[in-house]
1. May I ask you to list the residues in segment 2-60 that are surrounded by 15 or more Cβ atoms within 10 Å (Cβ to Cβ) and farther than 24 Å from L106 by Cα?
2. Residues that are charged (D, E, K, R): list the helices (runs of 4 or more DSSP H) wholly contained in segment 1-108 that include at least 3 such residues.
3. Being open to solvent by less than 60 Å² (accessible area, probe 1.4 Å) and not hydrophobic (A, V, I, L, M, F, W, C): is that true of T105 here?
4. Quick check: anything in segment 141-156 open to solvent by 30 Å² or more (accessible area, probe 1.4 Å), polar (S, T, N, Q), closer than 25 Å to A11 by Cα and modelled with pLDDT of 75 or more?
5. Go through (1) open to solvent by less than 50 Å² (accessible area, probe 1.4 Å); (2) in contact with a Ser or Thr (Cβ under 7 Å, 6 or more places away or on another chain) for K93 and report which single condition fails.
6. Is segment 64-77 home to any residue that is within 15 Å of the chain's Cα centre (by Cα) and aliphatic (A, V, I, L, M)?
7. For A84, state whether it is under 14 Å from the mean Cα position of the chain (by Cα) and either open to solvent by 40 Å² or more (accessible area, probe 1.4 Å) or closer than 30 Å to F43 by Cα (or both).
8. What residue, among those in segment 61-75 that are at pLDDT 95 or above and open to solvent by 60 Å² or more (accessible area, probe 1.4 Å), is nearest to S103 (Cα to Cα)?
Amino acid sequence: NAMSDNVFAFAMTLLVLSISVPVVTDPSNREMAHALGDRAKEFAIYLASFGVVGTFWLRHHRFTRRIAKADGRFQALNLAYLAAIAFMPYPTKVLGDYDDGVSLTLYALSVSAVLAMALLLGEHAARAGLMRLPESPRQAALRRASLPSSASGRWTDRGFPAAWPAARRAFFRR
């Protein structure tokens, strides 16, 4: 789906804007290196977000290849999913700018919104018979298992380590 690919590409490109450009009075190598070093957290958050959005793109790409037809509800759910993806640069910027739990919560809620929309999209496609081949019970279980476990607060998709308390400690070490 070209529209989906374009939204992902645009969102992934905008992620780089979460890194602020240093303002230096004397652009010597030493001062510039120090100013860029001060943005290490912004670079780390950018890379993590690029990985998150990139993973969403890979999964969405694989999923949509299995769609035989799309009804109006599927298209509406897909647009809502893409809106959540397009929003991801904003919480990434907020997380890079502020060292607080609110910015981390905003980021977590944004990722959760994408995951919720992916679940709704997949459930609708499976129940409405939009898939090329019906999902086996194993495929349905694997798709659902790729969502974060609400009990553990961890991502379960292939061991992706993103427990929010650990992320908070990593990003906001004092």
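The values are calculated or read from the model by the stated rules, or taken from the named source; none is laboratory data. Note that the structure is a prediction, hence the values are computed from the model and not measured. All Cβ positions, glycine included, derive from the backbone under ideal geometry; neighbour counts span all protein chains shown. Remember, those area values only see protein heavy atoms, side chains included, never the ligands or the DNA or RNA. Shrake-Rupley method; radii C 1.70, N 1.55, O 1.52, S 1.80 Å.
1. P22, A35, L36, listed by residue number.
2. Correct list: 40-65.
3. no
4. no
5. (1)
6. No, segment 64-77 has no match at all.
7. Taking the combined requirement at face value, the residue satisfies it.
8. This residue is Q75.
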